[in-house]
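The values are calculated or read from the model by the stated rules, or taken from the named source; none is laboratory data. Because the structure is a prediction, the values reported are computed rather than measured. All Cβ positions, even for glycine, are placed from backbone atoms using ideal geometry, and neighbour counts span all protein chains on display. When the accessible area is computed, the model is the full protein with side chains, heavy atoms only, and any ligands, DNA or RNA have been set aside. Shrake-Rupley method; radii C 1.70, N 1.55, O 1.52, S 1.80 Å.
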Amino acid sequence: MRICIYLVLSVFIISCASTSGSNKDEFLWLENIESNQSLDWVKAQNIKTAEKYSHQSIFKKVKKDVSFILGADDRIFYVKIVGEYVYNYLQTPKSPKGMYRRASFKSYVAKNPMWETIIDIDKLSIDEKENWVWKGADCLKPDNRRCLFKLSRGGKDAVVAREFDTTTKSFVNDGFILPEGKTDVAWRDQNQLFIATDFGADTLTSSGYARQVRLWTRGTFYKDAPLIVEADTSYVSASAAVYDHPKKPLSVIYKNPSFYETEYFIYTEDNRLVRLDVPKDILLWGVIDDQVIFETKSDWDRYKVKVGSLVSIQRSDLEKAGAANKVEVIFTPNSKQAITDINISSDFLYLSLLNSVRGQIMKWQFKNGSWTYATLKLPKVGATDVISTDLSGNRLFVEYTDFLTPPQIWYFNSQKKEKKVAELPKRFNNSNLVIEQKFAESRDGTKVPYSIIRSKKAKGPKPTLLYGYGGFEISLTPDYLAVKGKTWLEAGGVYVLANLRGGGEFGPSWHTSVLKHNRQKVFDDFIAVAEALIKEGITTSKQLGIEGYSNGGLLVGTVAMQRPDLFGAVICGAPLLDMMRYHKLLAGASWIGEYGDPDNSKDASYILKYSPYQNIHAETKYPPIFLITSTKDDRVHPGHARKMAARLAQVGAPVTYYENIDGGHSTAADIEQRSMLEAYKFMFLKENLF
């Protein structure tokens, strides 16, 4: 049977070869996600990859090592503080779909948590004969008793939302329930929800997201809920959020004309809808005291506020007229800094900051009409993240880590006491490893930082894996390399993380400088880092592997086509690759603000120059490429990876392919799937770089 499938595929590819180079997309049929023809092709590729790698002893060892790291009983349990409890979602090898659970706050801080299971997703899946994947809980404050549990079939972004009582540990009879969809929900109170979902014909945008926000009252049908706002179909989405506050939560409705633009509306307690007179690219973070917190993404000239600043506006001004009488500047980063997160407790605002791609946390308080701050005492060379804050008090959990230091969880409270409450045991031998931060010069002269993790004793070039992303203002930070340390570094490899433009490592301008027609600069940055590694003698082109996912998959796919001579192996996961059609596939239209519109001739001219799928050439010798995706990815269409693999095979390029049926955009839904993919990747790199 396998031989027959391969023969059929070979005949198909050969028969299509005559159209190569024409405008016709001969592999368009692979965009039909679950057709028999496309799934037969997927199964054939998966069998080929499994037969190549999975029977080798080293594959089994790597898979076992990764499975232990991901599922070990002594790992850190990241929690959310709610009243007297902390909440946590946990997957284990024995409970692959996971369980949502809680323990008393006191027992967690005392390092002896007594966990109580609220819902077991494995049992639920068996009982309901559904392939449920946990996608989180939206719970009503302050006690978390009533929650909307989000359950996905196979890991898709689309979810079923169902009301659950955490006290009785059961779904609520005749409670709130929404059918499968890309749904956004927020509790207004115990009997009302803001909902944005698929309400039927003409209620979705061209990006496939909700364009209506409605207020749904308990005991009524969700499609009969009264409309609050409706976005145009050309918009990306409409949605709602309720920002927590000890006394008076803030209800906000959004309409998003593009991925980076938002029209804000406050929905007041007396049911008025007030449009805010603020820049469309501003980011609303929350509310503390009577101050609404925003971050500017460009200069706000009216109030002389610089790009990247954190500001506050009095809530009563916004609720009355939607405009600010006064804008208070809390903090303006310098050229080496960027705000990455904001968290709020009852009295304090915690600002997470990158300073030369290293983390720190500032604690701000609004008192007597002005803002003052202190800096939390944490190491300044790694990554710092606020895990959870507490609106009923000023309790705070913070994580610290770096590439070689296992994560630590620290507890802070209003009495200025601090305590380490958890620390991950060391997962790999780091005794001879060193971290170095260096800079490469991109084509236009921009200095691009990158971090190298390697052995102090290394002599001569070594197999090296370079990771990058470069988009959507997402910052790559120095997180602990638990899996890569055990698999790649212990095997003698070098690991490199590149902080490319397009990310948020140096504020909004680091991102906006490479949007749309400037996209090539991201690829130039990555190429510059690769060339620097070779020039410094860290590695050679034959020993240099690259890896990226989603937008990072576009990154590595593009540079592999532009500079195939520079790399020895490419891991390309959940990628965008056909950039001339990305806007027509699933959520693709929502990213036009990042990449441009292929239906616009001006945009198409620069997109076509770099789009990986359109730039495969039969006469070019390409490095080995491993393409990874998921059938259940309803964000980035699996057709991107499928078509790329088929076209590369057509021109004789060395291509490996694996498509996980479940997993969604993360390409894996549980520990078994994640450990298997890590083992496949390691085998691919070992085969081609060592």
D603 fails exactly one of (1) outside any loop (DSSP other than H, G, I, E, B); (2) under 27 Å from A530 (Cα atoms), namely (2)
Within region 456-468, the residues that are touching a strand residue (DSSP E or B) at 6+ places or on another chain (Cβ under 6 Å), open to solvent by 30 Å² or more (accessible area, probe 1.4 Å) and modelled with pLDDT of 95 or more are K462, Y467
Given (1) within 24 Å of the chain's Cα centre (by Cα); (2) without any contact (Cβ under 8 Å) to a residue 24 or more places away in the chain, L481 misses just (2)
Restricting region 292-307 to residues that are buried (at least 18 other Cβ atoms within 10 Å of the Cβ) and under 23 Å from K367 (Cα atoms), the one farthest from the chain's Cα centre (by Cα) turns out to be V305
By residue number, the members of region 33-59 that are free of Cβ contacts under 8 Å to residues at least 24 places away in the same chain and open to solvent by 40 Å² or more (accessible area, probe 1.4 Å) are N36, Q37, E51, H55, S57
Quiz item: When you look at T656, is it of a type in the set (V, I, T), within 24 Å of R153 (Cα to Cα), modelled with pLDDT of 95 or more and part of a strand (DSSP E or B), yes or no?
Solution: no
Report yes if some residue within region 664-680 is open to solvent by 10 Å² or more (accessible area, probe 1.4 Å), assigned to a helix (DSSP H, G or I) and either among the aromatic types (F, W, Y) or free of Cβ contacts under 8 Å to residues at least 24 places away in the same chain (or both); otherwise report no. yes
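In region 197-242, how many residues are of a type in the set (A, V, I, L, M, F, W, C), more than 28 Å from V287 (Cβ to Cβ) and either in a strand (DSSP E or B) or open to solvent by 50 Å² or more (accessible area, probe 1.4 Å) (or both)? Talk me through it step by step, then tell me what you get.
Pass one, region 197-242, residues of a type in the set (A, V, I, L, M, F, W, C): 199, 201, 204, 210, 213, 215-216, 221, 225, 227-229, 231, 236, 238, 240-242.
Imposing the further condition that a residue be more than 28 Å from V287 (Cβ to Cβ) reduces the set to 199, 201, 204, 221.
Retained after the next criterion (residues that are either in a strand (DSSP E or B) or open to solvent by 50 Å² or more (accessible area, probe 1.4 Å) (or both)): 201, 204, 221.
So the count comes out to 3.
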Of all strands (runs of 3 or more DSSP E) fully inside region 350-453, the set with 1 or more residues that are crowded, with 19+ Cβ neighbours inside 10 Å and not hydroxyl-bearing (S, T, Y) is 358-367, 383-389, 396-401, 408-412, 418-423, 433-441
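Among the listed residues D138, D127, D120, D157, which satisfies the condition of being at pLDDT 95 or above, more than 29 Å from K420 (Cβ to Cβ) and in contact with a Leu (Cβ under 6 Å, 6 or more places away or on another chain)? Can you show your working first?
Numbers: D127 fails: in contact with a Leu (Cβ under 6 Å, 6 or more places away or on another chain); D120 fails: in contact with a Leu (Cβ under 6 Å, 6 or more places away or on another chain); D157 fails: in contact with a Leu (Cβ under 6 Å, 6 or more places away or on another chain).
After ruling out the rest, the residue left standing is D138.
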Matching residues in region 95-135 (closer than 22 Å to G664 by Cα, in contact (Cβ under 8 Å) with a residue 12 or more places away in the chain and among the acidic types (D, E)) number 3
Check your understanding: Does N256 count as buried (at least 19 other Cβ atoms within 10 Å of the Cβ), polar (S, T, N, Q) and closer than 30 Å to D232 by Cβ?
Key -> yes
Among (1) closer than 20 Å to S170 by Cβ; (2) open to solvent by less than 20 Å² (accessible area, probe 1.4 Å); (3) assigned to a loop (DSSP other than H, G, I, E, B), L148 falls short only on (3)
For region 314-325, the count of residues that are in contact (Cβ under 8 Å) with a residue 24 or more places away in the chain, closer than 21 Å to L349 by Cβ and either under 26 Å from the mean Cα position of the chain (by Cα) or open to solvent by less than 50 Å² (accessible area, probe 1.4 Å) (or both) equals 5
inquiry  = Scan region 112-132 and tell me whether some residue there is aliphatic (A, V, I, L, M), open to solvent by less than 50 Å² (accessible area, probe 1.4 Å), closer than 23 Å to R635 by Cα and not in a helix (DSSP H, G or I).
reply    = no
Among the residues of region 151-173, the number that are crowded, with 21+ Cβ neighbours inside 10 Å, over 22 Å from the mean Cα position of the chain (by Cα) and in a loop (DSSP other than H, G, I, E, B) is 1
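For region 41-59, give me each residue that is hydroxyl-bearing (S, T, Y) and not in a helix (DSSP H, G or I).
Restricting attention to region 41-59, the residues satisfying the condition of being hydroxyl-bearing (S, T, Y) are 49, 53-54, 57.
Hit for region 41-59 is S54, nothing else.
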- Residue check, N334 among the polar types (S, T, N, Q), free of Cβ contacts under 8 Å to residues at least 12 places away in the same chain, open to solvent by 10 Å² or more (accessible area, probe 1.4 Å) and at positive phi: no
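Answer with yes or no whether E659 is more than 19 Å from the chain's Cα centre (by Cα) and farther than 21 Å from I546 by Cβ.
Values: more than 19 Å from the chain's Cα centre (by Cα): yes; farther than 21 Å from I546 by Cβ: no.
No.
Which of the residues that make up region 354-382 are small (G, A, S) and closer than 15 Å to V311 by Cα?
Pass one, region 354-382, residues small (G, A, S): 356, 359, 369-370, 374, 382.
The answer is G369, S370.
Going by what's in this entry, would E180 be described as in a loop (DSSP other than H, G, I, E, B), out of contact with any helix residue (DSSP H, G or I) (no Cβ under 6 Å at 6 or more places or on another chain), open to solvent by 20 Å² or more (accessible area, probe 1.4 Å) and without any contact (Cβ under 8 Å) to a residue 40 or more places away in the chain? If you could, list the steps in order and put the result at the bottom.
Working: in a loop (DSSP other than H, G, I, E, B): no; out of contact with any helix residue (DSSP H, G or I) (no Cβ under 6 Å at 6 or more places or on another chain): yes; open to solvent by 20 Å² or more (accessible area, probe 1.4 Å): yes; without any contact (Cβ under 8 Å) to a residue 40 or more places away in the chain: yes.
It is false that E180 is in a loop (DSSP other than H, G, I, E, B), out of contact with any helix residue (DSSP H, G or I) (no Cβ under 6 Å at 6 or more places or on another chain), open to solvent by 20 Å² or more (accessible area, probe 1.4 Å) and without any contact (Cβ under 8 Å) to a residue 40 or more places away in the chain.
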